[in-house]
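Here's the structure we're looking at; comments come further down.
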Amino acid sequence: MNNKEKAVGRRMPDTHIMTILGLMVLVIIMMLIFQPGNYFTLMNLRSMIYQFPEYGILSLGMMACMIAGGIDLSLVGIMNFTGVLAALIVKNMVTEEGGMAAPAIILAVIVALAVGGLCGAFNGFIIGYFNIPAMLVTLCGLQLYKGLAYGITGGPAINGMCDPFKEIANGSIAGIPYALFIFIVVVLIVSFVMKSTVFGNEIYFLGSNAQAAKYSGINTLKVTVMTHMFSGILGGCSGILITSHLNSAKSSNGETYTLLSLLIVVLGGVHPDGGKGRVMGVVLATILLQMIANALGLMHIDDNTKTFINGCMLVAALLLDVYLDKRAAKRA
Amino acid sequence: MADEVFLKLVGIKKSFGGVHALQGVDLEIRKGEIHCLAGENGCGKSTLIKAISGVHIPDEGSIRIDGEEMKNMKPMDAINRGIQVIYQDFAVFPNLTVAENIALNGELKDGVKRVSWRQIHKVAAEAMARVGVKIDPDIRLERLSVANKQLVAICRAIMNDARLLILDEPTTALTAREVESLWDIIRSLKEKGIAIMIVNHKLDEIYQIADRLTILRNGSNISTGAISEYDQERFTKDMTGRDIVQQKYQPAENKEEVLKVENLTRQGSFENVSFTLYKGDVLGITGLLGSGRGEIGEALFGLAPAQSGKIWLNGKEISIQSVSDAIRNEIGYVPEDRLTQGLFMDRSIRDNTIAASIRSYLKRGKLDEREMEEATERWIREIDIKAPSTRPPVRTLSGGNAQKVVIAKWLNTDPKLFILDGPTVGVDIGAKAEIHSILHDLASRGIGIIVISDDLPELVQNCNRILVMKDGRPSGILDNSIDEVSLGKMLIGA
Amino acid sequence: MNNERRVSLALTSTPMILIYVMVVFCVIAAIRQPAFLSPATLINLCRAGIFTMCFAICEMVVIISGGIDVSFPAIGCVAMYVPMYMYNNGMGVDSVFFFFGVAILIGLAFGILNGVLVAILKLPPLIATLATSSVASGGLIMLLGTREFTTLPPSLDWLYSINLLTYTDPATGFKYPLTILFLVPVILCIVVALVLRYTMLGRGLYAIGGDKNAARVAGFNVKKLQFTAYIFCSVMASATAMMYTTLMHSSTTTALMGEEMIIIAACVVGGCRLTGGHGSVGGTILGVLLITLVQNNLNMLGVPTSWQIFAVGLVLLLGAVLSSIQAKRIEKLGKI
């Protein structure tokens, strides 16, 4: 019994998650010292919550693809494409007086998720069927979906959606933003899929060793298509959120999110070669980055500095990975 | 000249973190001889090669090349003294042409900065002429067969003024004809005074080519001598340290059909393969590489399905066109290459065990973790996988235990037919015997077992019937009264 | 393999298909817009292709060595912005050598950074260079702000005004000059092609892209070769960025961002394999030609401007699929 506990116990302290928690504490302490008045206010907390769900959800899509041994660089394209579609539906269906809002929004959400899924499935099919590196296919996908969004809008943003649509990302109930509920629901669904479904386990198998997966009777093409479809659906979900949040849809919203989501998944402990990674790590990494971004914002540090800092952190996270791998190898 | 010693090792010792890989090895290689180095897996063969080629510096002992004592020999020192190793992966460049692969290393060694293509073609042509092979020098290496890649590697070694050529298990991926032409080339190199050391553990091949033989066991050299001093009995005894126990598997007489295959054909791989497997049978399929032995297994598992022919499993006719067909018909398959095809090295024992049967743990839309855990624990107990728990990644297991995990993966699907390709490759003796007894036990419970292997002693001892394949055609089904030497002769068609 | 098969293979090889596509493209464009067939189109194409060509050669070298570099647009931006910033703030001299020298030094620094990340720390190249990209681009704006320099210093203006030749359209009287900087990609292509083919350095890049381990065993200095590839890429991309400033009369912090996508795709369409070890200058030139042609002349085919991003994406995807099908075909030929 004792022996068994030890074995289980050794798995639990996930070094990545511990590191992220440590960094969170560090940020909190720093802010206690430098900005005690601003940081720990309800308003600031809420402002944080309004921002991270859109890229947090994107990161979960990126995570699924990376665990499967690939990558999805087209997520931002899918997000903007589905956002444009949703905006068009809402704009065209809702009357001047705000009638038809509910059916329009429901339709917009369904279309966004479905189209996101289709875009992802298309990526996945090209990757799996033609055996082309995911990086290349999704780069092309980014161009394609961005091009679709640009072609539909003709360039300028679609603005001024009806109020109920804006409420999705900007509204709140009892002071708690809807966006947080959406994020939590998505996280729960993704964790369930990754942990407790056959599909989720097959993603891990595919990423660990694609050939062994084939020899174990897993249909690798199907899993690849489904993984990217899953990621695309999450992209569609983000599309709704960002369009509602900005009250605007165009082909070039949130272009920094590709890098940001890569940073989040790597920081969250997803292995770039596939096979390893946990939803928990990615969620914590999302929150950590939002905390840092918010802290920097309060110190009046602009977005570009954040980009710089994010780049540095990405390198640091990778180096941590290399170091931990080496240490694990030494132990074994 | 034949008795002049080129390389002399005395008392070579090497340990890695407390594991004594070499415990005082003596070895003598003479100029112009073909010397075989034999031993079971883990006997220290590869460590010894690395010591000779300067990759590992021995802890103790001396290496003398041409009478010169080598201290702290580096890979470059070994190369400069004419020691060339051809590893199993050949270390060639798939994207470069044959000519470049042959000539580039030499040019690099000479410190050439500019590449003269005329020079490269000249060197390549010269090397191919010397070795006696003909390959289009402008073709990219990725288009070559394994045998031709190996020849390119040999040409390259010759151009680097090889005086001792070490080949690490050169025949494992060659067909019968390719092995023959390899031996011809090796003999011609010997005529030129080059010493050859071949690592091999197949006695029939050693008989064909070697002048002398050294047998290594547990990091020490057990015996050395002219090939004529060895008969099969001594060879096996020196290899394993045990007298051969000729206890062959013999199931109870039973006429209950498990699997019947009729005229199974896949163009270019095998044709008209028919056999019947009765309850309790362990059927062996053997043949040289390219004879179609492995392809039959792949066809029955749907990886490269047969184009025509009929298959009955437990009296019911089935069609297998894909892996999912095979799985639906409850067929399990242990692939030849455990590391790349059989296992998820970084995942836990549990994940590996349930990889093929994961769907059966779906309870009310959710995977039942506890049941997966219990199943894995059961298999760890039942087939005696040596692991502290279900958690550690398979990477941490030894070859034998890792192979047991692959077997557990399929046993967990409760198969009716279980095909194993090379089930004991890279498995130590103890685990080998355990795997065999697992197979016998399964067979007696009515599961059809097919063992595909080129390990003849294994087949003779553990299968009650053996299907011999030659050039894609079955050349007979034997019972196990045959001994491995005559079986070996049958493989090459002598 | 018999001769007939060899010919049929050659006729359906990737470069030939690229040529067919371009010919078909030109024919359709010429039918729809007879003006397409004027020398002016050619000169415009050459002008438009200068940067793409230089960047593609940089990227190709990295891809051949088995890596990938998505940081060159950001590095290029730093390299085009910093010298102009220095000049406009009274630092530095007004000399072509100063502007290009500073740009190249900046390229060198980031090239070394990429080399350290990939060759020494062994990080995945895509993610490592993405990180470099954000460090470069974020750091630039953080330290120097976002301005746009649209007036060239006299020395660069002088460089701008040198033309190889000028074509005057007889009908409209418009002048179409071809800048001297067009020689840069031409010379670059020739030099890189020669280096790749006829030096140990070039063969070494192919070798490490083909099999790093075999290269190590053969005695290649793998790290040094990787460094060379990344440094070459950054340095050359920086010089190209300075050329961009000269020709476009503009230097901003984001001018080149997003270019990496098209460039990588041009390489892949031209026969580079992202797994490394494959690719040639000739193929890359074809890839760049195709993409430049498509990017600049889609309206001649009647594709509205707003759909051009999509159309380019489609061409790239088809190119990627095509080269994968070609690879499969060669594999199917069987081993010999």
Against the conditions (1) more than 15 Å from A:VAL198 (Cβ to Cβ); (2) out of contact with any Lys or Arg (no Cβ under 7 Å at 6 or more places or on another chain); (3) of a type in the set (Val, Ile, Thr), where does B:THR390 fall short? Just the number, please. (2)
When residues of the range B:357-384 are limited to those that are modelled with pLDDT under 90 and of a type in the set (Gly, Ala, Ser), the one surrounded by the most Cβ atoms within 10 Å (Cβ to Cβ): B:SER357
Taking C:GLY282 as the residue in question, decide whether it is of a type outside the set (A, V, I, L, M), within 14 Å of chain A (Cβ to nearest Cβ) and in contact with a helix residue (DSSP H, G or I) (Cβ under 8 Å, 6 or more places away or on another chain). no
Picking from B:GLU262, B:GLU317, the residue that is among the acidic types (Asp, Glu) and under 28 Å from B:LEU491 (Cα atoms) would be B:GLU262
So for the range C:246-258 (the condition being within 23 Å of C:ILE43 (Cα to Cα), in contact (Cβ under 8 Å) with a residue 40 or more places away in the chain, surrounded by fewer than 22 Cβ atoms within 10 Å (Cβ to Cβ) and hydroxyl-bearing (Ser, Thr, Tyr)), does at least one residue qualify? yes
Please determine whether any residue of the range C:11-32 is within 30 Å of C:HIS278 (Cβ to Cβ) and among the basic types (Lys, Arg). no
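Condition check ((1) within 14 Å of chain A (Cβ to nearest Cβ); (2) polar (S, T, N, Q); (3) outside any helix (DSSP H, G or I)) across all residues:
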| position | (1), (2), (3) |
| --- | --- |
| C:ARG47 | no, no, no |
| C:GLU59 | yes, no, no |
| C:ILE63 | yes, no, no |
| C:ASP69 | yes, no, yes |
| C:MET84 | no, no, no |
| C:TYR87 | no, no, no |
| C:MET91 | no, no, yes |
Please determine whether any residue of the range A:243-262 is more than 14 Å from chain C (Cβ to nearest Cβ), touching a helix residue (DSSP H, G or I) at 6+ places or on another chain (Cβ under 9 Å) and without any contact (Cβ under 8 Å) to a residue 12 or more places away in the chain. yes
Among helices (runs of 4 or more DSSP H) completely within the range B:41-141, the ones holding 1 or more residues that are within 30 Å of the chain's Cα centre (by Cα), over 21 Å from B:ARG163 (Cβ atoms) and within 11 Å of another protein chain (Cβ to nearest Cβ) are B:98-109
Would you confirm, using the coordinates I've provided, whether C:VAL235 is among the β-branched types (Val, Ile, Thr) and either at pLDDT below 95 or part of a loop (DSSP other than H, G, I, E, B) (or both)? no
Could you tell me which residue of the range A:285-322 is farthest from A:ILE57 (Cα to Cα), considering only residues that are of a type in the set (D, E, K, R) and touching a residue at least 24 places away in the same chain (Cβ under 8 Å)? A:ASP321
Counting only residues that are small (Gly, Ala, Ser) and within 22 Å of the chain's Cα centre (by Cα), which one in the range C:155-206 is surrounded by the most Cβ atoms within 10 Å (Cβ to Cβ)? C:GLY204
Scan of the range B:334-358 for residues that are at the interface with another protein chain (Cβ under 7 Å from one of its Cβ atoms) and within 15 Å of A:VAL198 (Cα to Cα), ordered by number: B:ALA355, B:ALA356, B:ILE358
Identify, from the list A:ILE89, A:ILE106, A:ILE110, A:ILE71, the residue that is in contact with a Cys (Cβ under 9 Å, 6 or more places away or on another chain) and either within 11 Å of A:SER231 (Cβ to Cβ) or without any contact (Cβ under 8 Å) to a residue 60 or more places away in the chain (or both). A:ILE71
Of the numbered conditions (1) under 30 Å from C:LEU117 (Cβ atoms); (2) out of contact with any strand residue (DSSP E or B) (no Cβ under 7 Å at 6 or more places or on another chain), C:THR199 satisfies every one except a single condition; which is it? (2)
Can C:ALA103 be described as under 29 Å from C:ALA229 (Cα atoms), out of contact with any strand residue (DSSP E or B) (no Cβ under 9 Å at 6 or more places or on another chain) and surrounded by fewer than 22 Cβ atoms within 10 Å (Cβ to Cβ)? no
Enumeration of residues in the range A:184-212 that are in contact with a strand residue (DSSP E or B) (Cβ under 9 Å, 6 or more places away or on another chain) and either outside any helix (DSSP H, G or I) or away from every other protein chain (no Cβ under 14 Å) (or both): A:THR197
Checking the condition among the hydroxyl-bearing types (Ser, Thr, Tyr), free of Cβ contacts under 8 Å to residues at least 12 places away in the same chain and surrounded by fewer than 24 Cβ atoms within 10 Å (Cβ to Cβ), which residue from A:THR95, A:THR19 passes? A:THR95
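For (1) buried (at least 17 other Cβ atoms within 10 Å of the Cβ); (2) assigned to a helix (DSSP H, G or I); (3) more than 18 Å from the chain's Cα centre (by Cα); (4) at pLDDT 90 or above, each residue gets a yes or a no:
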{"site": "B:ALA157", "(1), (2), (3), (4)": "yes, yes, yes, no"}
{"site": "B:ALA173", "(1), (2), (3), (4)": "no, no, no, no"}
{"site": "B:SER181", "(1), (2), (3), (4)": "no, yes, yes, no"}
{"site": "B:GLU205", "(1), (2), (3), (4)": "yes, yes, no, no"}
{"site": "B:THR214", "(1), (2), (3), (4)": "yes, no, yes, yes"}
{"site": "B:GLY225", "(1), (2), (3), (4)": "no, no, yes, no"}
What's the total number of residues in the range B:248-270 that are outside any strand (DSSP E or B) and surrounded by 13 or more Cβ atoms within 10 Å (Cβ to Cβ)? 5
Going through A:LEU148, A:LEU118, A:LEU180 one at a time, which residue ends up being part of a helix (DSSP H, G or I) and within 14 Å of chain C (Cβ to nearest Cβ)? A:LEU148
Take B:LYS432 and decide whether it is closer than 12 Å to B:THR353 by Cβ, assigned to a helix (DSSP H, G or I) and in contact with a helix residue (DSSP H, G or I) (Cβ under 9 Å, 6 or more places away or on another chain). no
Quick check on my filter: what residues within the range A:281-315 are of a type in the set (A, V, I, L, M, F, W, C) and facing chain C (nearest Cβ under 9 Å)? A:ILE301, A:PHE308, A:ILE309, A:CYS312, A:MET313, A:LEU314, A:VAL315
Only residues that are in a helix (DSSP H, G or I), within 26 Å of the chain's Cα centre (by Cα), more than 8 Å from chain A (Cβ to nearest Cβ) and farther than 19 Å from C:LEU274 by Cβ: list them for the range C:298-336, please. C:LEU298, C:ASN299, C:MET300, C:LEU301, C:THR305
If I ask for residues that are of a type in the set (A, V, I, L, M) and assigned to a helix (DSSP H, G or I), which ones from the range B:294-317 would you list? B:ILE296, B:ALA299, B:LEU300
From the option list A:THR138, A:THR153, single residue qualifying as in contact with a helix residue (DSSP H, G or I) (Cβ under 7 Å, 6 or more places away or on another chain), within 14 Å of chain C (Cβ to nearest Cβ) and within 30 Å of B:ASN352 (Cβ to Cβ) is A:THR138
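The values are calculated or read from the model by the stated rules, or taken from the named source; none is laboratory data. Computed from a predicted structure; not experimentally measured. Cβ: placed from backbone, ideal geometry, glycine included. Neighbour counts: every protein chain shown.
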